[in-house]
Amino acid sequence: MADHYEVLGVSRDASEEEIKKAYRRLARQLHPDVNPSEEAAERFKLVTHAYDVLSDADARRRYDMGGDENGGGFGGFGGFGDIFETFFGAAGGGRSARPRSRRERGQDALVRITLDLGDVVFGVHRDIEVDTAVLCETCQGSCCQEGTSPVTCDICRGTGHVQQQVRGLLGTVLTTAPCGSCEGYGTTIPYPCATCNGQGRVRSRRTVGLDIPAGVETGLRLQLPGSGEVGRAGGPNGDLYIEVTVTPHPTFSREGDDLLATLEVAMTDAILGATTTIDGLDGSVDLEIRPGVQSGDVLTIKGRGITPLRGSQRGDLRVGVQVLTPTKLDGKQRALIEDFAKRAKAPSPRLSEFHQGLFSKLRDRFRNG
């Protein structure tokens with residue numbers, strides 16, 4: 001078997017571009033439409049096969065290592081799909097092969113943002129920076145220098161594919177493969193845009209305005225269709241996904257659409273009752289502490305929780321009570337408490353049914369002492 005590098009007339013360390021140029025030069029000389037001789041046809045098959053191997057990084061590496069350039073498989077083919085293509089052409093089923101479109105859909109983009117719990121109550125607007133591909137302003141996605149345009153490939157005549165004869169176990173068959181000269185596009189760009197290097201797009205940082213709805217939570221992904229990167233050659237944009245992380249709040253936690261908090265109440269206020277004002281996530285809230293409130297009791301303030309993701313009825317603010325027992329008393333205070341104990345005739349300490357704490361903060365305080 002002829003050496004692929006010798007067939008193309010390049011050195012073994014030739015670059016990808018040098019290999020492509022050598023193939024184009026030889027293909028123009030040996031293509032059956034240009035040179036109908038049998039010798040030229042045989043050389044054209046060798047040149048095309050050599051280019052197919054050396055232009056594929058994996059196949060070239062296997063070839064350089066002395067292995068199977070086809071990567072193994074059945075009878076020297078890449079698999080049953082390749083066998084089908086060998087007998088019936090790349091298009092399959094008798095359909096004519098068509099050139100590839102340069103315009104491709106852009107990839108989706110993912111941006112992660114961090115929100116405070118307060119942002120979740122009503123939602124928030126954020127301007128986020130996205131580093132992605134945008135349309136080239138110089139060529140507007142044409143990939144060409146101003147005043148120029150793609151030209152029909154002179155190897156495949158605009159079809160994007162070339163046919164070649166291959167001798168196999170069942171004789172000589174005609175195969176169809178993507179044109180190596182135009183990479184299957186059917187056209188070439190002799191004068192690519194200098195700004196985008198013929199890609200029709202460039203990398204850029206842009207600002208995207210985002211209205212984040214209320215009720216989002218950690219791990220939720222918001223989708224912005226068409227806000228991802230622009231495709232090659234001005235193809236349609238992919239989508240932009242926003243992944244949300246909500247940071248823990250030092251005072252409030254979340255349970256569904258409700259907000260949870262712990263309120264420390266002095267023993268005297270727990271006995272006599274009191275009115276207090278607490279700072280909620282969206283302003284101050286008046287709270288009535290009824291006389292005789294106990295640790296673990298829950299005071300509910302309707303409609304001061306989180307607006308749900310799909311709905312308008314806000315959750316509640318639920319406040320768990322923790323009664324504080326004084327630990328340092330002066331003589332007069334101790335005497336008053338002892339007198340109260342005698343008058344109240346409170347029962348002696350005893351075991352009772354164990355009650356699970358309603359909020360994790362209360363449980364943690366109970367366990368940690």
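The values are calculated or read from the model by the stated rules, or taken from the named source; none is laboratory data. Quick caveat: nothing in here was measured; it's all calculated off a predicted structure. Cβ atoms come from the backbone with ideal geometry, glycine included; neighbour counts cover every protein chain shown. Quick note on the areas: whole protein, heavy atoms, side chains included, nothing else; ligands and nucleic acids left out. Shrake-Rupley method; radii C 1.70, N 1.55, O 1.52, S 1.80 Å.
Sorting 116, 258, 279 by accessible area puts them as 279, 116, 258; the probe is 1.4 Å, largest comes first, and only protein heavy atoms count. When the charge dipole of region 262-315 is built from unit charges on Cβ atoms (+1 for Lys and Arg, -1 for Asp and Glu) and taken about the Cα centre, the candidate among 284, 309, 299 whose Cα reaches farthest toward its positive end is 309. Across all Cα pairs in region 136-228, the calculated P(r) in 5 Å bins from zero up to the longest distance comes to 3, 11, 12, 11, 12, 10, 8, 9, 8, 7, 5, 2, 1, 0 percent per bin. Amide hydrogen proximity for residue 246: with H placed 1.01 Å from N in the peptide plane, the residues at 5 or more positions away or on another chain lying under 5 Å are 115, 218, 219.
Percent of accessible area on region 173-212 owned by carbon and sulfur, 1.4 Å probe? Write out the running numbers ahead of the final one.
Numbers: 940 of 1910 Å².
Answer for region 173-212: carbon and sulfur cover 49 percent of the accessible area.
Across region 258-265, coupling constants 3J(HN,Hα) worked out from phi with the 6.51/-1.76/1.60 Karplus curve, θ = phi - 60°, read 9, 9, 10, 8, 10, 10, 7, 10 Hz, and Gly and Pro carry x.
Under 8 Å for C-alpha pairs, at least 6 residues apart: give me the relative contact order for region 172-247, rounded to a whole percent. Write out the running numbers ahead of the final one.
Details: 73 pairs, mean separation 17.8, N = 76.
About 23 percent, as a whole number.
Candidate cross-link partners of residue 45 among the lysines, defined by an alpha-carbon separation under 20 Å and a same-chain spacing of 8 or more, comprise 20, 21.
Mean sequence separation of contacting Cα pairs (under 8 Å, at least six apart), scaled by the length of region 96-225, corresponds to a relative contact order of 38 percent. Averaging the Cα positions of each part gives two centres, and for region 176-249 and region 269-326 these lie 47 Å apart. If you take the alpha carbon atoms of region 172-304 and fit the smallest convex hull around them, that volume is 203 Å³ per residue. Sequentially through region 327-334, phi angles give Karplus couplings (6.51, -1.76, 1.60; θ = phi - 60°) of 10, 10, 10, 7, x, 5, 5, 5 Hz, Gly and Pro residues having no value and appearing as x. For residue 124, nonlocal amide neighbours, meaning residues 5 or more places apart or on other chains whose placed amide H falls under 5 Å from its own, are 212.
Estimated from the Cβ-Cβ distance and a Förster radius of 51 angstrom, the FRET efficiency linking residue 287 and residue 220 is about 0.95.
With the whole protein complex present, residue 18 retains an accessible surface near 100 Å², based on a 1.4 Å probe.
Taking every protein chain into account, the accessible area of region 195-263 amounts to 47 square angstrom per residue (probe 1.4 Å). Residues whose amide H comes within less than 5 Å of that of residue 153, counting only those at least five positions distant or on another chain, are 158, 187, 188 (H built at 1.01 Å from N in the peptide plane).
Residues 351, 336, 281, 46, ordered by accessible area of protein heavy atoms at a 1.4 angstrom probe radius and largest first, appear as 351, 336, 46, 281.
Give me the percent relative contact order of region 203-305, please, defined on Cα pairs under 8 angstrom at least 6 residues apart.
Numbers: 112 pairs, mean separation 16.9, N = 103.
Relative contact order of region 203-305: 16 percent.
Computed with a 1.4 Å probe over protein heavy atoms only, the accessible area of residue 340 comes to about 120 Å².
Orientation-averaged projection of region 212-274 equals 6.4 nm² [convex hull of Cα atoms, one quarter of hull surface area].
Derived scalar couplings between HN and Hα for region 281-296 equal 6, 10, x, 6, 9, 7, 9, 9, 9, 6, x, x, 4, 10, 4, x Hz in order, rounded to whole Hz, by the Karplus curve 6.51 cos²θ - 1.76 cosθ + 1.60 (θ = phi - 60°), x for Gly and Pro.
Per residue, how much space in cubic angstrom lies within the convex hull of the C-alpha atoms of region 243-296? Before the final figure, lay out each step's value.
Values: hull volume 5.5 nm³, N = 54.
Normalising the Cα hull of region 243-296 by residue number yields 102 Å³.
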